[in-house]
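Scroll down for the structure; my scribbles are underneath it.
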């Protein structure tokens with residue numbers, strides 16, 4: 001249609017030029033004018049054509065038309081769905097906020113590697129979609145791995161991990177790079193010892209794996225550290241186990257400031273100096289009058305006055321209060337802290353230790369909690385929370401229909417139909433979790449990698465690799481197991497042409513693939529698509545929203 005329209009306009013301008021007998025310049029001007037009109041017309045038509053995709057998809061998923069699918073996947077295919085908040089947690093490693101916080105710290109700790117230079121985050125950067133932006137990752141002693149570091153977001157949804165599926169579950173997956181001589185090159189024993197030497201981990205492991213009695217002791221002695229370790233679960237724990245210690249007004253939106261101060265200092269401060277009621281001194285059965293100092297001075301009745309007039313205390317008592325307050329609250333004046341209004345769920349800053357240290361037996365117990373099993377459980381817990389909620393496509397699926405452009409919706413339609421992407425990338429996580437040979441094993445050549453076969457030893461698995469999730473795919477270039485595709489456009493072209501560099505030794509003269517049981521067989525789902533440039537560009541635009 002475009003060629004015929006151009007021919008029509010060319011003939012029209014030539015006819016006009018002949019009729020008015022103008023110069024060649026006029027003729028060219030007429031041609032340019034005609035082409036401009038054509039371009040505007042086509043642009044208007046394109047906008048009109050794209051508008052139909054908004055009508056088709058800017059509505060609940062239940063109202064969408066079914067995608068074009070191969071008959072082999074009809075029984076297992078799942079429709080798109082908004083992302084869950086996290087991956088499922090196994091019964092033997094349930095979620096806790098303390099465990100997640102510990103796992104995140106361990107994930108970023110280079111002490112797990114032999115050289116002390118590499119952490120999990122070295123190959124899985126948050127800013128790069130939890131990949132590293134390299135075709136193949138660098139590891140111990142500058143060695144280069146043979147495969148591309150995959151995006152580990154959504155990894156908690158896969159029963160088998162790595163490109164070849166050699167790890168069953170996240171807990172098992174954590175150990176393999178730690179002990180791989182090309183990656184972190186460590187042993188589980190040495191990695192564990194390195195973390196055991198780091199005292200800042202003691203409270204974190206108690207919070208994540210300790211018993212309630214140990215948690216209570218750590219919460220009393222190291223409240224700030226323990227609050228950070230437990231996160232949002234800290235207040236729940238205090239309500240259930242330490243309400244009497246931290247004050248009855250805790251449920252009103254934070255510790256009562258005087259009760260909290262009293263619980264943090266030595267019991268000797270309960271001698272009438274601190275009172276829950278700032279206008280009434282503390283009384284007991286043996287005391288009818290307010291206490292006095294040794295110099296005969298009556299203790300002030302106001303709690304604020306008490307701590308703004310520390311000079312009324314005996315010198316030794318005054319120094320004791322100051323030193324303990326400093327240990328618990330830092331350098332800020334104790335009486336000023338008591339006057340401050342404590343915001344909801346926020347307490348005054350505390351130091352990591354008081355003048356009443358933990359029993360040594362508790363330190364020993366904490367150290368014993370630092371095991372390779374608990375290290376892997378914590379990191380796995382953190383990784384199961386790596387489910388990005390703010391992607392534009394996830395927001396679109398939740399009802400923000402204006403967040404995607406008409407072009408991106410056109411790309412969504414290509415993904416679901418002509419592009420045949422949903423044969424392998426479907427459901428909430430955009431993966432069938434299976435292994436396919438798409439034609440990039442380079443069998444018999446320098447980059448040969450037989451994928452799943454190297455684990456299963458089943459010849460039918462030769463050249464197969466796990467279908468990755470496409471969530472945040474726009475951030476995790478380069479692509480494929482060997483990182484040979486630097487960008488999405490190049491990858492789409494490869495799929496469009498059905499990966500023309502075959503997985504066989506067909507380049508060898510006289511080679512017979514029928515006699516080679518390991519010759520990878522291209523998955524029948526990989527076939528030429530004949531996408532137009534507009535469809536490729538739209539598909540790329542859609543993929544960038546995931």
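Points to keep in mind about this one:
- A single member of 413, 406, 461 is outside the structural domain of residue 193 (by TED's automatic domain parsing), more than 28 Å from residue 120 (Cα to Cα) and touching a strand residue (DSSP E or B) at 6+ places or on another chain (Cβ under 9 Å), and it is 461.
- Considering region 188-216, and only residues there that are assigned to a loop (DSSP other than H, G, I, E, B) and without any contact (Cβ under 8 Å) to a residue 60 or more places away in the chain, the residue that is nearest to residue 375 (Cα to Cα) turns out to be 197.
- Verdict on residue 112 being crowded, with 17+ Cβ neighbours inside 10 Å, within 23 Å of residue 371 (Cα to Cα) and within 15 Å of the chain's Cα centre (by Cα): no
- Some residue of region 59-82 being in a loop (DSSP other than H, G, I, E, B), within 24 Å of residue 381 (Cβ to Cβ) and modelled with pLDDT of 95 or more: yes
- Condition met for residue 219 (part of a helix (DSSP H, G or I) and not assigned by TED's automatic domain parsing to the domain that holds residue 122): yes
- Residue check for residue 159: within 21 Å of residue 384 (Cβ to Cβ) and at pLDDT below 95: no
Residue by residue, here is whether (1) touching a helix residue (DSSP H, G or I) at 6+ places or on another chain (Cβ under 6 Å); (2) closer than 19 Å to residue 179 by Cα holds:
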site	(1), (2)
63	no, no
72	no, no
77	no, no
84	no, no
88	no, no
99	yes, no
106	yes, yes
113	no, yes
122	no, yes
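- Residues located in region 139-162, provided they are buried (at least 17 other Cβ atoms within 10 Å of the Cβ) and without any contact (Cβ under 8 Å) to a residue 60 or more places away in the chain: 139, 140, 145, 149, 161
- Every residue from region 85-126 that is closer than 17 Å to residue 152 by Cβ, touching a residue at least 40 places away in the same chain (Cβ under 8 Å) and not in a loop (DSSP other than H, G, I, E, B): 100, 103, 104, 105, 106, 107, 112, 120
- Members of region 478-498 found to be part of a loop (DSSP other than H, G, I, E, B) and within 19 Å of residue 164 (Cα to Cα), listed by number: 478, 480, 481, 482, 483, 484
- Total residues in region 520-546, condition assigned to a loop (DSSP other than H, G, I, E, B) and either within 22 Å of residue 439 (Cβ to Cβ) or touching a helix residue (DSSP H, G or I) at 6+ places or on another chain (Cβ under 6 Å) (or both): 15
- Filtering region 222-232 to residues that are surrounded by fewer than 18 Cβ atoms within 10 Å (Cβ to Cβ) and assigned to a helix (DSSP H, G or I) leaves only 228.
The values are calculated or read from the model by the stated rules, or taken from the named source; none is laboratory data. Since we're looking at a predicted model, the values are computed, not measured. Every residue, glycine among them, receives a Cβ derived from its backbone with ideal geometry; neighbour counts consider all protein chains shown.
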